[in-house]
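Notes follow the structure.
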Amino acid sequence: MEKLTNANAWAELEKLAPLIKRKHMRDMFEQDDTRAQRYSLEIGGIFLDYSKNRVTDEVLTQLFSLATQRGLKEKIAAMFSGDAINTTEDRAVLHTALRNFSKKSVYVGGHDVMPEVKTTLDKVEAFTTSVHSGAHKGYTGKSIDTIVSIGIGGSFLGPKIVTESLKPYQRDNIKVHFVANVDGCHIHDVLATVDVETTLFVMSSKSFSTQETLQNTLTAKDWFLSKNTSQADIAKHFVAVSSNVKAAVEFGMAKENVFPMADWVGGRYSLWSAIGLPISLALGFEHFKAILEGAFEMDEHFQSAPFEENMPVILAMLGVWYRNFMGAQSHALLPYYHYLRGFPAYVQQLDMESNGKSTTLNGLTVDYGTGPIIWGSEGTNGQHSFYQLIHQSNLPIPVDFLFPTTVPNQNTTHHNMLASNCFGQAQALMQGKTFEECLQDLQNSGLSQEEKQVLANHKTMPGNNPSNTLVFNQLDPKTLGALIALYEHKVLVQGCIWGLNSFDQWGVELGKVLGNQVLDMIEGNTELSSADSSTQQLIERFTN
Ligand code: F6P
């Protein structure tokens with residue numbers, strides 16, 4: 001594939017960028033009263049208004065040409081058809097097969113994976129039903145009413161954020177805890193609150209070799225066995241989700257309690273697999289299935305819609321525009337919905353672990369920007385914190401606002417205020433406030449002309465800050481599934497433009513290896529001398 005910066009559309013976009021930098025969105029809106037309507041679309045219960053972006057029709061045309069020139073159509077087809085697009089690990093990338101309700105087969109190495117997808121989903125359903133009905137009993141014959149889900153990274157964030165985001169759909173009779181960190185404070189606190197007779201531990205680890213997850217599970221197991229229980233009782237209280245069934249069984253899990261997953265499911269794309277078991281247990285299988293259906297709808301849209309009407313492609317290419325042509329280094333997600341407060345952290349892992357890379361598929365080092373820093377938090381809280389920087393610093397930060405128009409059991413006054421904050425902030429970021437307007441406000445302030453000018457300078461809001469606004473009627477399971485798939489596909493598109501493999505994560509490996517070496521030094525199994533002097537000093541300080 002030719003170098004990104006040699007693409008024709010890249011050169012066109014480079015020419016357009018300085019022209020657009022001189023334009024203000026305020027004027028774009030004034031000159032075109034169809035702008036909002038033209039730059040909006042709806043799919044899978046998600047309405048996207050992308051009119052508050054620093055783009056023109058010409059810019060969008062070139063962005064979509066760039067996508068074509070980078071082989072996006074072929075890349076999408078390759079992913080959905082099971083090609084080994086994760087080249088460094090020689091693996092297919094098929095999280096989409098886990099939510100494939102099309103009845104079409106999906107082949108990996110000539111083998112249709114759909115029957116095994118269905119078998120595992122049926123197993124998740126059957127187990128969920130047996131827990132909810134009380135058929136699955138703890139060692140003293142009581143029903144399960146508490147789930148402790150242990151995992152980390154993709155084996156944790158998806159289930160946690162989905163369960164949290166769908167709080168209005170959670171079952172009354174099941175409490176769920178998620179433990180990830182190896183910091184013993186967390187598992188200790190959770191174990192202190194749960195009842196050994198009615199608690200089920202779900203251990204989720206694709207590799208079954210992740211330090212944090214193994215240790216937290218061992219701690220949970222030791223705690224369980226310290227409660228007058230026997231080894232045989234473990235089968236009633238511990239289940240595992242893993243692609244390494246052998247290791248799970250060797251660890252002590254009963255074989256029938258291990259939910260398999262395939263190696264073609266990437267960790268940060270795995271909530272759709274049996275990794276979603278805690279979601280099914282917390283919400284009910286019907287809601288888990290609805291999440292998959294919502295994602296499937298987005299998958300269908302992504303594969304078939306022309307780029308200019310394709311929501312993931314539009315979001316991704318706007319991101320490319322800001323990252324590569326308008327100087328942005330980060331992208332903020334601002335949910336105006338308390339239950340969706342964890343979504344920025346979820347997308348942070350999804351996006352930054354996927355596209356936080358600077359080596360292309362050809363093994364070359366890039367000389368252009370790649371994955372941005374993804375960050376953000378609950379909308380109104382952020383307004384009293386970091387929004388100041390977005391409004392008035394000279395760092396360009398594109399943002400996504402996320403807002404549900406209705407919320408179950410919501411007080412209208414609160415929700416009206418929430419909406420007004422969300423829409424009002426998007427408006428303020430776009431239009432800003434001119435120096436002249438600020439000066440006018442100070443007319444009767446009693447200040448001298450010079451003082452007025454200085455103060456007006458401080459109060460001036462440049463505006464022209466881009467944002468997308470994503471509005472859903474209600475964040476129900478289906479809409480959440482579509483929303484997550486939307487961001488997954490955005491990542492694929494951007495990875496394709498930048499020529500990256502979005503599906504490996506070699507950057508996390510070195511830290512794991514060195515961490516294990518340091519542990520050996522801390523535990524006295526290895527000499528300190530092999531470490532640098534700073535690391536030696538820190539270990540000595542810790543151990544003495
Ligand atoms: O952070 C690295 C990573 O490999 C993620 O990709 C993965 O989701 C996480 O660790 C946990 O891995 P596992 O599911 O194998 O325990």
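Structure summary
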| read-out | value |
| --- | --- |
| Residue in segment 473-483 that is away from the ligand (no atom under 16 Å from the Cβ), touching a residue at least 40 places away in the same chain (Cβ under 8 Å) and under 30 Å from His24 (Cβ atoms) present | no |
| From the options Leu121, Leu157, Leu191, Leu200, residue that is within 16 Å of the ligand (Cβ to nearest atom) and either modelled with pLDDT of 95 or more or of a type outside the set (Ser, Thr, Tyr) (or both) | Leu157 |
| Restricting segment 309-356 to residues that are hydroxyl-bearing (Ser, Thr, Tyr) and either modelled with pLDDT under 95 or in a loop (DSSP other than H, G, I, E, B) (or both), the residue that is farthest from the ligand (Cβ to nearest atom) | Tyr336 |
| Segment 160-171 - residue that is buried (at least 23 other Cβ atoms within 10 Å of the Cβ) and polar (S, T, N, Q) and, of those, nearest to the ligand (Cβ to nearest atom) | Thr163 |
| Number of the condition not met by Leu510 [criteria: (1) away from the ligand (no atom under 13 Å from the Cβ); (2) of a type in the set (A, V, I, L, M); (3) free of Cβ contacts under 8 Å to residues at least 60 places away in the same chain] | (1) |
| Some residue of segment 163-172 being within 12 Å of Val148 (Cβ to Cβ) and of a type in the set (D, E, K, R) | no |
| Leading residue by the ranking (nearest to Leu225 (Cα to Cα)) among those in segment 131-147 that are small (Gly, Ala, Ser) and not in a loop (DSSP other than H, G, I, E, B) | Ser143 |
| Hey, Val176 within 15 Å of the ligand (Cβ to nearest atom), of a type in the set (Val, Ile, Thr) and closer than 21 Å to Ala274 by Cα or not | no |
| Any hit, segment 455-476, residues being small (Gly, Ala, Ser) and part of a loop (DSSP other than H, G, I, E, B) | yes |
| Neighbours by Cβ (under 6 Å, 6+ apart or cross-chain): first from segment 203-227, over 17 Å from His177 (Cα atoms); second in a helix (DSSP H, G or I) and within 11 Å of the ligand (Cβ to nearest atom) | Lys206/Gly267; Phe208/Ala247 |
| Out of Leu214, Leu218, sole residue that is within 11 Å of the ligand (Cβ to nearest atom) and out of contact with any Phe, Trp or Tyr (no Cβ under 6 Å at 6 or more places or on another chain) | Leu214 |
| Members of segment 222-261 that are among the small types (Gly, Ala, Ser) and within 14 Å of the ligand (Cβ to nearest atom) | Ala240, Ser242, Ser243, Ala247, Ala248 |
| Residues being more than 22 Å from Asn257 (Cβ to Cβ), touching a Phe, Trp or Tyr at 6+ places or on another chain (Cβ under 8 Å) and in a helix (DSSP H, G or I) - total across segment 91-130 | 4 |
| Qualifying residue in segment 34-55 (condition: more than 25 Å from Leu470 (Cα to Cα) and touching a residue at least 40 places away in the same chain (Cβ under 8 Å)) | no |
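The values are calculated or read from the model by the stated rules, or taken from the named source; none is laboratory data. Being a predicted model, the structure only gives us computed values, none of them experimental. Neighbour counts are summed over all protein chains in view; Cβ atoms, including those assigned to glycine, are modelled from backbone coordinates with ideal geometry.
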